[in-house]
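Asks: Please see the structure below; I have some questions.
Read-outs throughout are calculated quantities, based only on the coordinates presented, and are distinct from any laboratory measurement. Model, not experiment: these values are computed from the prediction. All Cβ positions, even for glycine, are placed from backbone atoms using ideal geometry, and neighbour counts span all protein chains on display.
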Amino acid sequence: MPELERQVAWYPGHMAKAARRIRELLQTIDVVVEVVDARIARSGRNPLLDELAARRTRVLAFTRADLADAATTKGWLVALSGAAGESVAVDARHGRSVARVVSAIAGASKRNGRTGISRAMIVGVPNSGKSSIVNALLGRASAKTESRAGVTRQTQWFRLAPGIEVMDTPGVLPPKIEGAQAQWKLAICGAVPRDLYDPQEIAAAFHRWLLARHPRTQVPDLGAFAARRGFVQRGGTIDYHNAAHSYIRAFNEGTFGRISLEAPNDSEAA
């Protein structure tokens with residue numbers, strides 16, 4: 001997808017500023033919680049965050065586990081637990097699920113020998129579910145959330161418990177996303193601003209990928225989806241642009257079922 005590849009260097013100034021701020025604040029942080037969309041457990045991680053938080057205790061929190069294939073998520077938890085510290089799968093809609101993050105933070109702080117207030121930083125790519133996790137942890141809508149990339153623009157501190165404080169940070173993507181596979185996966189999962197890609201290309205790339213792995217899939221292509229949903233303009237022509245946006249939204253609502261776009265044993269590059 002050459003067009004997407006050309007466009008995905010999105011506001012690098014904002015990314016660079018956020019990365020610098022994270023680097024500065026890490027000096028006061030005990031635990032780094034990296035939030036990753038479970039559907040893109042490889043592409044949804046930023047190598048820069050590995051570099052920035054290399055010397056900090058890590059907790060890897062897979063969000064949207066309810067939208068991902070359960071067996072694949074379990075495979076990722078096993079594959080990444082050793083390298084990334086403790087790994088947990090969460091559904092931000094359920095407090096009991098998100099409580100695993102609190103336990104992981106407390107456990108990591110205890111292993112560090114921390115006796116005072118433990119400070120955790122929530123990091124991840126845009127729209128990975130960072131603010132949703134913070135809100136679920138607090139039990140109230142304190143961190144701003146929307147189903148689009150780039151909503152959180154400033155760092156925010158929150159008191160999670162008497163001995164735990166958490167900081168929500170802006171999402172950080174690499175200055176350039178390498179490879180068409182990673183690009184469309186990040187785009188369909190909402191990590192890339194909608195005005196920086198052609199939704200028809202993303203829908204088509206997803207369906208080609210799905211057909212290659214599941215030739216008998218019942219998930220419709222964009223044309224069939226548009227016709228079924230009534231995206232027909234005057235004269236009988238199909239409104240593919242708006243249909244594609246609806247198609248991507250349907251994917252993220254779980255309409256097509258629980259789908260993981262990457263597995264630990266994938267042979268393809270991210």
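Asks: Among H207, H214, H245, rank each residue by its count of other Cβ atoms within 10 Å, from fewest to most, as a rough exposure measure.
Replies: H214, H245, H207
Asks: I would also like to ask the following. Segment 220-270: which trypsin sites (Lys or Arg not before Pro) are DSSP loop and have at most 10 other beta-carbon atoms within 10 angstrom? Please report the intermediate quantities before stating the final value.
Replies: Numbers: sites: R228, R229, R234, R249, R258; in loops: R234, R258.
Sparse-neighbourhood loop trypsin sites (Lys or Arg not before Pro): R234.
Asks: Quick check: residue separation of R93 and D266 times 0.36 nm, minus the Cα distance between them. What number comes out in nm? Walk me through the numbers before you get to the answer.
Replies: Numbers: separation 173, 0.36 × 173 = 62.28 nm, distance 2.92 nm.
The R93-D266 span can extend by a further 59.4 nm.
Asks: Next question. Once the Cβ-Cβ distance between D50 and D221 is put in as r, and R0 is 35 Å, what FRET efficiency do you end up with, to the nearest 0.05?
Replies: Working from the Cβ atoms, E equals 0.45.
Asks: Once you place label points 7 Å from the Cα toward the Cβ at S103 and A70, how far apart are they in nm?
Replies: Here the answer is 1.8 nm between the modelled labels.
Asks: Moving to a separate point now. When a/c is below 1.5 the answer is rounded, else prolate if a/b is larger than b/c, else oblate, so apply that to segment 180-252 with a ≥ b ≥ c taken from the square roots of the Cα gyration tensor eigenvalues. Could the numbers behind the result be given before it?
Replies: Working: a/c = 2.28, a/b = 1.24, b/c = 1.84.
Cα axes put segment 180-252 in the oblate bin.
Asks: Next up: Take K130, K74 and order them by how many other Cβ atoms sit within 10 Å, fewest up front.
Replies: K74, K130
Asks: Please give the length that would be gained between A16 and D195 if that part of the chain were fully extended, namely 0.36 nm times their separation in residues minus their C-alpha to C-alpha distance (nm, one decimal).
Replies: Stretched fully, the A16-D195 segment lengthens by 62.4 nm.
Asks: Taking 0.36 nm per residue of sequence separation and subtracting the Cα-Cα distance, how much length would be gained by fully extending the chain between A161 and R228, in nm to one decimal?
Replies: 19.3 nm
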